[in-house]
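Novice: Questions regarding the structure given below will be posed in turn.
The values are calculated or read from the model by the stated rules, or taken from the named source; none is laboratory data. Being a predicted model, the structure only gives us computed values, none of them experimental. Neighbour counts run over all protein chains shown; Cβ positions are idealised from the backbone, glycine included.
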Amino acid sequence: MIEIKDKSQCTGCNACGDACPQNAISFVTDAEGFWYPEIDSSLCTKCGICDKTCPVINEVSQKKTNYMEPKCYAGEHKSIDVVFSSTSGGMFSALADVMYGEGGYVGGAVHNEDFSVSHFISKDRKDLARLRRSKDLQSNAEGFYAKVREILESGSKALVCGLPCQISGLLNYLGKEYTNLITVDLICAGVNSPKVWRRYLDYIEEINGSAIVYTENKSKEFGWRNLTQKFVFENGEEYFDTQKTSLFIKGYIGSHLFCRPSCYDCRFKGFPRTADITIGDFWGIEKHRKGYDSDMGTSVILINNDKGARFFETARKRIKCEENDLKCAVEGNPSLLRSMSVLSDKRKEFFGDLDRLRFDDLIAKYDTSKDHRFKNRIKRSLKFNLHIIRVTRLSPIALFQTLRYSGIRNLTKGKGIVCGTNCHINIDRSAKLEFDGIFTLGRKDKFKRSKAESNLYIGKNAALKIGGNFELDANNEIVIFEGAELIIHGAKNWYSDANSGLRIVCGQKIEIMNDVGIGRNVTIRDTNGLGHYLNTAGYRPSRPVSIGEKAWLCESSSIMPGVKIGRGAVVGAYSLVTRSIPDHAMASGSPAEVVQENVLWKW
């Protein structure tokens, strides 16, 4: 009879609950948000089946027969859409497609309506969108194992994906070899508390003022390596929490504070593996293989036995893959061999404060990286000073302009205008300058000897507001007429810049949101010229322009007065935009028309 005296000895796989013939086992959630089995002694017959099922107590027999050194591959799905929609290179989708094609079932973790996570299995290919992507927290598998056995006993095929402890629990539960079952385990660093996850979601909803309707782990819109959590809200807004900003990642990866106790002493590391196939992120693949450096995600695939090898061969036509040295996979994924380390002795205090403190205050209080803040401040200062040297090239005129228009106080805080050589600036004394980041004007990284000019004019009572880092190549021109306002929010999650040839003509108000990408020779204007009129009904010489967050304005596109470019929208090269473009749409032509919807992109 299972009796939990040490919580580090229970993975929460739920297999014992499905195995109990008397339904005597239920699961009780503790103060940390993790569930543990509880036995109803009035129902228990002490048959010992739960002990035989437990993967911590009993090692899976299949593990003893699997390869001591798995065959290792690096792979990416041939469909860019699948890669975009996957945690890494889309290997799970390739395997699942094979099983669906054979009329079988596919099982794995899915988000529920409240964004908790549970295990789910179906034969409907439409469910693949829910099943793929990692969830980074403990999934509830109550009833899942019994459903898998029912499917297998009926003669149907099934592919089941889970954590190593869950796959071990499943195999112990089944108790015999099924030729119609393919198991896939994930490379796991540790599972996080569902309670902490919910508190994180509550915090995200609070700071964004709306309820979450969709979330996506490791969104590719800011690159695979950025570990971005994407949120979509009831009010239609979107929010991206990258590894630079995510408090959840800071607690999970940075402080190791809220993983399940068993994850700090995991019994499922090393080789041989338990499952037929192991998949995960192939971190560091760009060091070993050319062609895998797009920052879109690459899967590591470990083939652990002959059954896994045969099934993998049926999926290979869907992916591009190369065999790799196992040492390379281990180098990028130390979690294959080692358990998560304990970085803080404040775990009890952390969970004691979980319901009392706001999530940002909670993470700040227990942040184990705060001892490095002074060092990080020094690094940022050095980086900024090097940036000034690189852009100004220590030209006396460029340095003078940088000091004059930024001010020493701003520069010491990493804010202001950094002027390159050949910058011509005319700013009226009544103009308003606001900096909350670095506005780089006239960068000449590619053509250091170029004499290309950069021009900035700000008229009477006009305003330039910089909300984050924004860089412009040389040969740009920005004109802000009297009383007009140009707002550039700059980089938030990645970077925001403009190539050469940008022309901004601002007669009323132009606002460029975060993380916008701007190609060569782009024109943005909100005015047809002050004092220019047409005898056309409703005509106004100036109308505000808004460029949405993470929009992409391709080469030689022109954005005309009154236009609103939606969030994540793409404007094709040489397009003339005279009407607004919705979120995540691609528009092209002259005048531009929407040619594709639901577009996602990264650079």
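Novice: With the condition kept exactly as written, say whether any residue in region 262-276 is without any contact (Cβ under 8 Å) to a residue 12 or more places away in the chain and farther than 14 Å from Met91 by Cα.
Specialist: No, region 262-276 contains no residue that is without any contact (Cβ under 8 Å) to a residue 12 or more places away in the chain and farther than 14 Å from Met91 by Cα.
So that you can scan it fast, the table gives a plain yes or no per residue for (1) at pLDDT below 95; (2) of a type in the set (Lys, Arg); (3) in contact with a helix residue (DSSP H, G or I) (Cβ under 8 Å, 6 or more places away or on another chain); (4) surrounded by fewer than 19 Cβ atoms within 10 Å (Cβ to Cβ):
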{"position": "Ile408", "(1), (2), (3), (4)": "yes, no, no, yes"}
{"position": "Gly416", "(1), (2), (3), (4)": "yes, no, yes, no"}
{"position": "Cys419", "(1), (2), (3), (4)": "no, no, yes, no"}
{"position": "His424", "(1), (2), (3), (4)": "no, no, no, yes"}
{"position": "Ile427", "(1), (2), (3), (4)": "no, no, yes, yes"}
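Novice: Let me ask something else. Run down Leu394, Leu403, Leu382 and say which single residue is outside any strand (DSSP E or B), hydrophobic (A, V, I, L, M, F, W, C) and closer than 30 Å to Ser246 by Cβ. Break it down stepwise before answering.
Specialist: On the way: Leu394 fails: closer than 30 Å to Ser246 by Cβ; Leu403 fails: closer than 30 Å to Ser246 by Cβ.
None of the others qualify; the one that does is Leu382.
Here's the yes/no breakdown for (1) at pLDDT below 95; (2) under 30 Å from Trp603 (Cα atoms); (3) touching a helix residue (DSSP H, G or I) at 6+ places or on another chain (Cβ under 6 Å); (4) hydroxyl-bearing (Ser, Thr, Tyr):
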| site | (1), (2), (3), (4) |
| --- | --- |
| Ile49 | no, no, yes, no |
| Thr53 | no, no, yes, yes |
| Ile57 | yes, no, yes, no |
| Thr65 | yes, no, no, yes |
| Cys72 | no, yes, yes, no |
| His77 | no, yes, yes, no |
| Ile80 | yes, yes, no, no |
| Phe84 | yes, yes, yes, no |
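Novice: Also, I was wondering about something else. So which of Leu174, Leu137, Leu131 ends up being surrounded by fewer than 24 Cβ atoms within 10 Å (Cβ to Cβ) and within 32 Å of the chain's Cα centre (by Cα)? Step through it out loud before you land on a result.
Specialist: Details: Leu174 fails: within 32 Å of the chain's Cα centre (by Cα); Leu137 fails: surrounded by fewer than 24 Cβ atoms within 10 Å (Cβ to Cβ).
Only one candidate qualifies: Leu131.
Novice: It is to be established whether one or more residues within region 235-243 are assigned by TED's automatic domain parsing to the domain that holds Ser93, surrounded by fewer than 18 Cβ atoms within 10 Å (Cβ to Cβ) and assigned to a loop (DSSP other than H, G, I, E, B).
Specialist: no
Novice: Would you be able to say whether some residue in region 308-327 is more than 30 Å from Gly566 (Cβ to Cβ), among the hydroxyl-bearing types (Ser, Thr, Tyr) and in contact with a Ser or Thr (Cβ under 6 Å, 6 or more places away or on another chain)?
Specialist: No, every residue in region 308-327 fails to be more than 30 Å from Gly566 (Cβ to Cβ), among the hydroxyl-bearing types (Ser, Thr, Tyr) and in contact with a Ser or Thr (Cβ under 6 Å, 6 or more places away or on another chain).
Novice: Which pairs have Cβ atoms under 8 Å, sit 6 or more apart or on different chains, and link a residue in region 564-581 that is assigned to a loop (DSSP other than H, G, I, E, B) to one that is basic (Lys, Arg)?
Specialist: Filtered contacts from region 564-581: Arg567/Lys550; Gly568/Lys550; Ser580/Lys564.
Novice: I need the full set of residues from region 428-457 which are part of a loop (DSSP other than H, G, I, E, B) and either among the polar types (S, T, N, Q) or within 16 Å of Lys415 (Cα to Cα) (or both), in order please.
Specialist: Residues satisfying the conditions are Ser430, Asp436, Gly437, Ser450.
Novice: Taking the stated definitions as given, is Pro541 more than 24 Å from Asn499 (Cβ to Cβ) and touching a residue at least 24 places away in the same chain (Cβ under 8 Å)? Break it down into steps so the answer makes sense when it comes.
Specialist: Working: more than 24 Å from Asn499 (Cβ to Cβ): yes; touching a residue at least 24 places away in the same chain (Cβ under 8 Å): yes.
In short, yes.
Novice: Can you find even one residue in region 474-482 that is under 27 Å from Ser575 (Cβ atoms), in contact (Cβ under 8 Å) with a residue 24 or more places away in the chain, in contact with a Leu (Cβ under 9 Å, 6 or more places away or on another chain) and surrounded by fewer than 17 Cβ atoms within 10 Å (Cβ to Cβ)?
Specialist: Looking for residues that are under 27 Å from Ser575 (Cβ atoms), in contact (Cβ under 8 Å) with a residue 24 or more places away in the chain, in contact with a Leu (Cβ under 9 Å, 6 or more places away or on another chain) and surrounded by fewer than 17 Cβ atoms within 10 Å (Cβ to Cβ), one finds none in region 474-482, hence no.
Novice: Somewhere in region 210-226, is a residue surrounded by fewer than 19 Cβ atoms within 10 Å (Cβ to Cβ), touching a Gly at 6+ places or on another chain (Cβ under 8 Å) and not assigned by TED's automatic domain parsing to the domain that holds Ala569?
Specialist: Looking for residues that are surrounded by fewer than 19 Cβ atoms within 10 Å (Cβ to Cβ), touching a Gly at 6+ places or on another chain (Cβ under 8 Å) and not assigned by TED's automatic domain parsing to the domain that holds Ala569, one finds none in region 210-226, hence no.
Novice: Same structure, new question: On the basis of being assigned by TED's automatic domain parsing to the domain that holds Ile524, buried (at least 23 other Cβ atoms within 10 Å of the Cβ) and modelled with pLDDT of 95 or more, does Ala463 make the cut?
Specialist: no
Novice: A further question follows. For region 58-92, what are the residues that are surrounded by 15 or more Cβ atoms within 10 Å (Cβ to Cβ), assigned to a loop (DSSP other than H, G, I, E, B) and of a type in the set (A, V, I, L, M, F, W, C)?
Specialist: Residue satisfying the conditions is Val60 alone.
Novice: Where in region 263-376 are the helices (runs of 4 or more DSSP H), entirely inside, with at least 2 residues that are over 23 Å from the mean Cα position of the chain (by Cα) and closer than 30 Å to Ser86 by Cβ? Before the answer, list the steps.
Specialist: On the way: elements: 306-315, 326-332, 347-353, 359-365.
Counting at least 2 such residues, we get 306-315, 326-332.
Novice: Please enumerate the residues belonging to region 556-603 that are among the polar types (S, T, N, Q) and either buried (at least 19 other Cβ atoms within 10 Å of the Cβ) or in contact with a Phe, Trp or Tyr (Cβ under 9 Å, 6 or more places away or on another chain) (or both). Reasoning before the result, please.
Specialist: Going residue by residue through region 556-603, those that are among the polar types (S, T, N, Q) are 556-558, 575, 578, 580, 588, 590, 596, 598.
Hits for region 556-603 are Ser556, Ser557, Ser558, Ser575, Ser588, Ser590.
Novice: Another one. When region 10-44 is examined, which residues are found to be of a type outside the set (Ser, Thr, Tyr), within 22 Å of Pro164 (Cβ to Cβ) and assigned to a loop (DSSP other than H, G, I, E, B)?
Specialist: Once the filter is applied, which keeps residues that are of a type outside the set (Ser, Thr, Tyr), within 22 Å of Pro164 (Cβ to Cβ) and assigned to a loop (DSSP other than H, G, I, E, B), region 10-44 yields Cys10, Gly12, Cys13, Asn14, Glu32, Gly33, Phe34.
Novice: I need a count of the residues in region 517-549 that are charged (D, E, K, R), touching a strand residue (DSSP E or B) at 6+ places or on another chain (Cβ under 8 Å) and either over 17 Å from Ile504 (Cβ atoms) or not in a loop (DSSP other than H, G, I, E, B) (or both).
Specialist: 2
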